[in-house]
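Notes follow the structure.
The values are calculated or read from the model by the stated rules, or taken from the named source; none is laboratory data. These numbers come from a predicted model, not from an experiment. When we count neighbours, we look across all protein chains shown, and the Cβ atoms used for this are built from the backbone with ideal geometry, even at glycine.
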Amino acid sequence: MIPTCMATAILLIAATAAAIPPPIYDFCPVVVEVQPDALGHFTYTGDTCDGDNLVVDHDCPVWTQTHGSEDYFAIALDSGASFTAAVSHEGDAMLMVTAECIVYGTMFTCLAGSNTTGPGGIESVTYVNDTGDAAVVYLVIDTEDTADCGGYAMVLSVHGTVPATTTSWGTIKRSYR
């Protein structure tokens, strides 16, 4: 027979162990929002060496676990719209399109990915929003490990409806005063 105080201690230890929360991977605060021009083009230069490593687990078949630095981009797409991103990278870049910028103890969903060239190559990925609704997806520029980080130039083209802002004639007139 287990003494009462020992049974309470065992129960307390078991309850404490079960209460450990799953890891949270969140790159939402550091996302760069893609703002394409009227023709749907967006260019960006950056450096993955100053990025984070927050996409540590994913279901992308084009590469396995990565421990390199990453940069993140949010792309708003209407239903049926698509984008193509081409990234020339000094290191060895890998591209992944995911549906979320935060996960709680689970893997990031891989909607599309590319890891076809080596260091100094140009990686390209295309994604079509076939969900039936407008959606925001995230492009992750990742590297195999920290030694593969480096500068990059990205050219992104949105095909389909490009989000636009509206303004009044009064606002336009005031800008010329």
Residue under evaluation Tyr72, criteria (1) in contact with a helix residue (DSSP H, G or I) (Cβ under 8 Å, 6 or more places away or on another chain); (2) within 16 Å of Val32 (Cα to Cα); (3) surrounded by fewer than 16 Cβ atoms within 10 Å (Cβ to Cβ), criterion not met = (3)
Strands (runs of 3 or more DSSP E) (entirely within region 80-144) containing at least 1 residues that are closer than 18 Å to Asp26 by Cα, touching a residue at least 24 places away in the same chain (Cβ under 8 Å) and within 17 Å of the chain's Cα centre (by Cα) = 93-98, 102-104, 110-114, 135-143
Test: Ala99 is at negative phi, surrounded by fewer than 16 Cβ atoms within 10 Å (Cβ to Cβ), small (Gly, Ala, Ser) and at pLDDT 90 or above | yes
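Quick test for you: out of Val155, Val128, pick the one residue that is surrounded by 13 or more Cβ atoms within 10 Å (Cβ to Cβ), within 20 Å of Thr43 (Cβ to Cβ), at pLDDT 95 or above and of a type outside the set (Asp, Glu).
Working: Val128 fails: within 20 Å of Thr43 (Cβ to Cβ).
Checking each option against the conditions leaves just Val155.
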For region 35-46, state whether one or more residues are under 19 Å from Leu156 (Cα atoms), outside any strand (DSSP E or B), touching a strand residue (DSSP E or B) at 6+ places or on another chain (Cβ under 8 Å) and among the acidic types (Asp, Glu).
-> no
For region 5-21, state whether one or more residues are farther than 15 Å from Val140 by Cα and modelled with pLDDT of 75 or more.
-> yes
